[in-house]
There are 2 protein chains.
Amino acid sequence: MLDLCLLGCGGTMPLPDRFLTSLLVSYKGRRLLIDCGEGTQVSMKMENTGYKNIDAICFTHFHADHITGLPGVLLAIGNAGRTEPLALYGPKGLIEVIKGLTVITPFLPYELILKELPINEGASFQVGELFLSTLPVEHSLTCIAYHIEVKRGPVFLPDKAKDLEIPPYYWKYLQRGEEIEVENKRFLPEQVLGPPRKGLKLGYVTDARPSDALVDFLKDCHLLICEGMYGDDEKLPGAITYGHMLFSEAAHLAKKAGVHELWLTHFSPSMPDPENYLEIATDIFPNTKIGFDRKSEKLTFTP
Amino acid sequence: MLDLCLLGCGGTMPLPDRFLTSLLVSYKGRRLLIDCGEGTQVSMKMENTGYKNIDAICFTHFHADHITGLPGVLLAIGNAGRTEPLALYGPKGLIEVIKGLTVITPFLPYELILKELPINEGASFQVGELFLSTLPVEHSLTCIAYHIEVKRGPVFLPDKAKDLEIPPYYWKYLQRGEEIEVENKRFLPEQVLGPPRKGLKLGYVTDARPSDALVDFLKDCHLLICEGMYGDDEKLPGAITYGHMLFSEAAHLAKKAGVHELWLTHFSPSMPDPENYLEIATDIFPNTKIGFDRKSEKLTFTP
């Protein structure tokens, strides 16, 4: 299933027990990172995640707290023996930023493939079996939110296949959605498959102000990992100025989007104990959790 | 006096309890860093050193483990309110590397002054009241060692000043080494000052192979902070290939240079417990200590 590990939950500056922003997403043994703040490689070490199977690193934007850990992670991936290309995704500016940061990692044993994503129209792309989409968000720098989906095929109905007298050898093709012809008879997948089933959807939003477009974009996420830079509602002027969210705003966003669970992350270094403000969020959206470094979860398909 | 704090003692990759290479040197309230690996800003936070009074950052070379922490430290210095220029020193390549890394710190509230140091002939420069000198060393990349000296003026001898009938108001000028003329009589500093006194000398060597030139360069250091990438003597072939030192080589260097104390640092991530190899070094140079993150010392003038 979809394994998540919040490698770092700090915003702006790391704290002794709080690395900067990064999320590790694993599916069927392949991995991707979203953002890569200072300390990411250490947090991965602490979690024994390994480095070699990172197939992509996706950036929301290029503020330093989301990318300073990149050179170290790139070297760790190389030291782990990766030789397959690694894809880096992010908004416009990616190529210039990566060119700058990799001045200190000139001899990686694998190729970096840089993919600048279109902003206004959003982008959709695939990393292995993960389907990613982006949405532009309001921040003090060009910034995008992500959602990641795992598709789930419809259930295969063996009784229907038997009724149609399709030899079991051919079932796998129909199950994969392919038409087949057996002894001059044509069979279609929909003859032996059940109705569409809900896959998994993960939302990732940091840094951003809330918006109606985000509500639509995050609709029905199983889990939303969302910035909560400030717990205290009195910090609203700062949140507006710097393009961040209050706990209460993230909770309203989760509620409006009908997500199942909300994790808050990207905490201001001025807020060493975000738990103190949790109730502000749970009063609005009860299934809110406070993120912490290496908070992990396994998202599984619901029946 | 000269306050030292070894902010990070890791080489190549950080470990959960070991940040990458950095040393903080403080003298009379002003500070400088040598190297700035990933985690430097966190280690400073843990030690409550503050960021604003960092006047210079000196680099030995530009392998990532010595510089990945720079963008975070630059931002922390800015957030702390610094507006005075900050000087960055290092071997050739400094300008290109800093230009690359600062692509993610475009709006610092202070100026960066970049000073590429000559390599082969060494360099000498001053940061506040600290006198720094460099020496090229053998590593897999252009690299320099540093020593830092605090000069100590000769003692002032008031009895001699009284014998010469110099009014006390003028003593301070002589003490500072200036000639004076009082009522048509000329006085020279050497008439009222004692013999030269030994100042303080700190050596910093990482990454490097040992050499005779290093022995001369480090002569009579009070403290030598030196890389000990590998504890086990059987790692010599790797040390030669990658341009590093064994504990035993660092200890021989300390002994030959006649330093007072040796700290080992820049440990390979394959060596989680460098203490296990300490005896190899102390058998050669008894006053050897194993470095650890935030190991601190105050160097004081000896009588």
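Among A:Ala213, A:Ala208, which is the only one that is in a helix (DSSP H, G or I) and of a type in the set (Gly, Ala, Ser)?
Answer to the check: A:Ala213.
Could you count how many residues in the stretch B:89-108 are away from chain A (no Cβ under 14 Å) and out of contact with any Lys or Arg (no Cβ under 7 Å at 6 or more places or on another chain)?
Final tally of qualifying residues: 0.
Check whether at least one residue in the stretch A:194-206 is free of Cβ contacts under 8 Å to residues at least 60 places away in the same chain and within 30 Å of A:Ser248 (Cβ to Cβ), and report yes or no.
Yes - at least one qualifying residue is present in the stretch A:194-206.
Name every residue in the stretch B:122-132 that is surrounded by fewer than 18 Cβ atoms within 10 Å (Cβ to Cβ), touching a residue at least 40 places away in the same chain (Cβ under 8 Å) and on the phi < 0 side of the Ramachandran plot, in order of residue number.
Correct list: B:Glu129 only.
Hey, among the residues in the stretch A:77-88 that are buried (at least 17 other Cβ atoms within 10 Å of the Cβ) and outside any helix (DSSP H, G or I), which one's farthest from the other protein chains (Cβ to nearest Cβ)?
Applying the filter and picking the extreme gives A:Ala87.
Looking for whichever is in a helix (DSSP H, G or I), in contact with a Ser or Thr (Cβ under 6 Å, 6 or more places away or on another chain) and under 20 Å from A:Thr102 (Cα atoms) here; the options are B:Leu74, B:Leu101. Which one fits?
Exactly one of B:Leu74, B:Leu101 is in a helix (DSSP H, G or I), in contact with a Ser or Thr (Cβ under 6 Å, 6 or more places away or on another chain) and under 20 Å from A:Thr102 (Cα atoms), namely B:Leu74.
Quick one: is B:Ser43 within 19 Å of B:Val127 (Cα to Cα), in contact with an Asp or Glu (Cβ under 9 Å, 6 or more places away or on another chain) and buried (at least 18 other Cβ atoms within 10 Å of the Cβ)?
No, not satisfied.
Listed here are the residues, each with its yes/no results for (1) closer than 25 Å to A:Ala239 by Cβ; (2) among the basic types (Lys, Arg); (3) free of Cβ contacts under 8 Å to residues at least 24 places away in the same chain.
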{"residue": "A:Ile67", "(1), (2), (3)": "yes, no, no"}
{"residue": "A:Leu74", "(1), (2), (3)": "no, no, no"}
{"residue": "A:Gly93", "(1), (2), (3)": "yes, no, no"}
{"residue": "A:Gly100", "(1), (2), (3)": "no, no, yes"}
{"residue": "A:Ile113", "(1), (2), (3)": "no, no, no"}
{"residue": "A:Asn120", "(1), (2), (3)": "yes, no, yes"}
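Would you check if A:Lys256 is assigned to a helix (DSSP H, G or I) and surrounded by fewer than 24 Cβ atoms within 10 Å (Cβ to Cβ)?
So A:Lys256 passes the test.
Out of B:Asp35, B:Asp65, I need the residue that is among the acidic types (Asp, Glu), under 30 Å from B:Met271 (Cβ atoms) and more than 10 Å from chain A (Cβ to nearest Cβ). Which one?
None of the others qualify; the one that does is B:Asp35.
Could you look through the stretch B:155-184, keep only residues that are of a type in the set (A, V, I, L, M, F, W, C) and closer than 24 Å to B:Phe301 by Cα, and pick out the one that is surrounded by the most Cβ atoms within 10 Å (Cβ to Cβ)?
Top of the filtered list is B:Leu174.
Looking at this structure, is A:Leu174 assigned by TED's automatic domain parsing to the domain that holds A:Val25 and either of a type outside the set (Val, Ile, Thr) or not in a loop (DSSP other than H, G, I, E, B) (or both)? I'd like the intermediate steps shown before the answer.
Numbers: assigned by TED's automatic domain parsing to the domain that holds A:Val25: no; either of a type outside the set (Val, Ile, Thr) or not in a loop (DSSP other than H, G, I, E, B) (or both): yes.
Spelling it out, it is not the case that A:Leu174 is assigned by TED's automatic domain parsing to the domain that holds A:Val25 and either of a type outside the set (Val, Ile, Thr) or not in a loop (DSSP other than H, G, I, E, B) (or both).
The values are calculated or read from the model by the stated rules, or taken from the named source; none is laboratory data. Only a predicted model underlies this, so the values are computations on that prediction, with no experimental measurement involved. When we count neighbours, we look across all protein chains shown, and the Cβ atoms used for this are built from the backbone with ideal geometry, even at glycine.
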